[in-house]
Amino acid sequence: MPVNLTANAISAINAGDVNSKPVVQVLDIKLIGTTQERYRLTLSDSESTQQAMLATQLNDRVKTGRVRKTSVVQLIEYICSTVQNRKIIVVLNMETIIPECEIIGNPKVIVESDLGAQKTISNNGNLSAQRSALASFANIKNLSAQNSNNSMKNYPPAIQPAYQPPPNYKSHGAIMKNEAPARIIPIVALNPYQGRWAIKARVTAKGDLRRYNNSRGDGKVFFFDLLDSDGGEIRVTCFNAVVDRFYDKIEAGKVYMISKGSLKPAQKNFNHLKNEWEIFLETTSTVDLCPDEDASIPRQQFSFRPICEIESAENNSIIDVIGIVTAVNPSVPILRKNGMETQRRILNLKDQSGRSVELTLWGDFCNREGQNLQELAEAGVSPILAVKAAKVSDFIGKSIVTISSTHLFINPDSAEAQTLREWFDQGGKDIASQSISRDNMPVGSKNEIRKTVFQIKDEGLGRSDKPDWLTVKATITFIKTDTFCYTACPLMIGDRQCNKKVTRSENSKWQCDRCNQEFEECDYRYLLQAQIQDHTGLTWVTTFQESGEEILGCPAKELYMMKYEEADDTRFSEIIRNRLFTQFLFRLKIKEEFYGDEQRVKITVVKAEKVNHSAESRYLIDLISKNSVFFEQRKP
């Protein structure tokens, strides 16, 4: 059905209109850009056409077909910018009036010289051309009424206010570039095609000042993250001289008015925010502190994921997590590869999903929030911890670690924290949770597979391309004690410890061939060989550091010193003897590996849990119930 478009809308927008919300038609849509998808539109008001760029947050309108060629739309938010001496309309928000109809009118392309003439006239203080266009625009209702006799359905913009022409600056002399104040826009509406802009947002995170050296010389950089009242987030980066201007001025939690920065594509390797752009401040940029607190801007924005979903999260992805702190380990010093010492502390979190996960704190987090959490845990309190921007690690299972932009919130005042506390206090603290850390097990039904020792060999497990994962309830019958641990490199490579075997050098220092460094102290890590047995048979298994500690109940270094330094064979033998004939639930990884020219099936213990007889009884009862249903269904 034919409709009326807003007359002279293109001319009015080129003249500076940003408020009238005109109805226009989309004549053409083209996908441009290789690294980032952007759509270029051709808009028509039935008389003139103009090129437009669609803001990326509206890309789904095109992909889902809500906006397509010949659609009639109403522009809600828009701005006209000059790009490479050409005027272009940037569409920030719009609504579809009619998804598809015939081309309306006989639109023609506005000649660039005409636009230049408009600009020249405007700069000389003569606004007659603009006012002529706007006068026609103000008479939309009259034009619509005249066309009603032609049986055309009218779509006057229901929320269009009368357009106010730009203020006349004649009495102020020549207008300098950017003299007019920039209007505040939402972060989600920022794009590189805008001229003047300003945002009002709260700093949710401030990165450390980092120094670097490259082919162009020495430099320094820092970043901070912003959140506005509409929930939009964006990262701001400063280099060198700009760092000197703003580093001390920026405080986390404060609200600022920021303008005159440049927008560039976000570097997703370092920027986890859900925004394809980031702001780079320049020497001409302005950052002004807002003295009055703005309650409309939240202090932080979370996107919590249940711990059970971390199992399927991609390695190195950034997530938000909230959970009950069930265990806090002491902070330990760690020597990094560059020779600098840092701190590491490991926590355990659990939630209603029935899973728990390890959180590794690094650096200042250990002695700041980590110490606070340890004191609460020692006082018998199970605090709630909200983690903003933790990194997922798949090193020996799934875990999460802190990074420079991570924020920790102890007992936050939020609906999620209140729900979690109620669950925990009403029985959640007594519900056993399954750890997803150090298990390295794939997600799915394989997590629940129970097998016997006999089935491992009988079914040929471990001989396929991928390892088999299963759980065996068995008893330890023998532990080799001649070589139960090895000396390991304590240096950090990224967020992981090297752990390679080290040897004594000629100067009595420990040397790591991988890191090519020497150090005074080494680490001691378990490498246990043990026999496990159930009612169907026995087999050899290998256990490493974490599972070794779970079986023997003490660190490898303590056991090593007891046997070789203190020569306390009696106490050493007692520890080993107390672990024999103890029943565990062993989480096993089974994979065929080459040893020289020989293939062997290697069975590795990734976790060893003492049998919880209450939980095991529930498991057996459930298994009996399932089997009873199965056999009932098979009866003739």
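The values are calculated or read from the model by the stated rules, or taken from the named source; none is laboratory data. For clarity, every value in this text was computed on a predicted model and none was experimentally measured. A quick note on method: Cβ atoms are made from the backbone with ideal geometry, for glycine too, and the neighbour counts reach across all protein chains shown. These area figures cover heavy atoms from the full protein model, side chains too; ligands, DNA and RNA do not enter into them. Shrake-Rupley method; radii C 1.70, N 1.55, O 1.52, S 1.80 Å.
Extension gain for E518 to Q418 (0.36 nm times residue separation, less C-alpha to C-alpha distance): 31.0 nm.
Residues whose amide H comes within less than 5 Å of that of E37, counting only those at least five positions distant or on another chain, are absent (H built at 1.01 Å from N in the peptide plane). Bridging of K557 to aspartates and glutamates at a Cα separation below 18 Å is possible for D482, E520, E521, D523, E546, E549, E565, E566, D568, D569, E574, once same-chain residues fewer than 8 apart are set aside. Summing charges over neighbours of A266, with a neighbour being any other residue whose Cβ is under 9 Å away from its Cβ, gives +1 when K and R count +1 and D and E count -1.
Put a dot 7 Å past the Cα of K457, heading toward its Cβ, do the same for E251, and the two dots end up 7.1 nm apart. Taking only protein heavy atoms and a 1.4 Å probe, the accessible area of segment 9-109 is 44% carbon and sulfur. Accessible surface of segment 311-426, 1.4 Å probe: 45 percent of it comes from carbon and sulfur atoms.
Please report the projected area of segment 453-618's Cα convex hull averaged over all directions, in nm². Display every interim value, and only then the final one.
Details: hull surface 50.9 nm².
Dividing the Cα hull surface by four gives the mean projection, 12.7 nm².
How high is the relative contact order of segment 9-109, in percent, with contacts defined as C-alpha pairs under 8 Å that are six or more residues apart?
The normalised contact order for segment 9-109 reaches 30 percent.
Taking only protein heavy atoms and a 1.4 Å probe, the accessible area of segment 465-581 is 45% carbon and sulfur.
All other residues whose Cβ lies under 15 angstrom from that of C238 are scored, Lys and Arg at +1 and Asp and Glu at -1, for a net of +2.
Taking the highest mean first, how do the peptides 461-468, 74-81, 574-581 order by number of other beta carbon atoms within 10 angstrom per residue? Intermediate values should be presented prior to the final figure.
On the way: 461-468: 14.8, 74-81: 19.1, 574-581: 13.0.
Top to bottom by mean Cβ count within 10 Å: 74-81, 461-468, 574-581.
Measure up K388/K501; K200/K274; K500/K589; K398/K429 against 28 Å on the Cα-Cα distance and list the ones that go over. In this structure, K388/K501 exceed 28 Å between Cα atoms.
Send over a whole-number figure in Å² for the accessible area per residue of segment 9-109, probe 1.4 Å. Could you put the intermediate results ahead of the total?
Values: 4390 Å² over 101 residues.
Ligands and nucleic acids excluded, the result is 44 Å² per residue.
Available extension along the chain between Q599 and D292 is 103.4 nm, counting 0.36 nm per residue and deducting the alpha carbon span.
Taking the mean number of other Cβ atoms within 10 Å as a proxy for protection, how do you rank 240-250, 49-59, 6-16 from highest to lowest? Please report the intermediate quantities before stating the final value.
Numbers: 240-250: 14.4, 49-59: 19.1, 6-16: 24.3.
Taking the mean over residues of other Cβ atoms within 10 Å, the ranking is 6-16, 49-59, 240-250.
For segment 461-539, the relative contact order is 34 percent, taking Cα pairs closer than 8 Å that sit 6 or more residues apart in sequence and dividing their mean separation by the residue count. In summary, the aspartates and glutamates within cross-link reach of K591, defined as a Cα separation below 16 angstrom excluding same-chain residues under 8 places away, comprise D439, D458, E459, D465, D468.
How large is the accessible surface per residue of segment 304-435, computed with a 1.4 Å probe and reported in Å² as a whole number? Walk me through the intermediate numbers first.
On the way: 5970 Å² over 132 residues.
With the other protein chains kept in place, segment 304-435 gives 45 Å² per residue.
Counting Lys and Arg as +1 and Asp and Glu as -1 over every other residue whose Cβ lies under 12 Å from the Cβ of C485, the net charge comes to +1.
Tell me, in nm to one decimal, what length is gained between R618 and N578 on full extension, where the rule is 0.36 nm per residue of separation less the Cα-Cα distance? Walk me through the numbers before you get to the answer.
Working: separation 40, 0.36 × 40 = 14.40 nm, distance 2.74 nm.
In short, 11.7 nm is gained.
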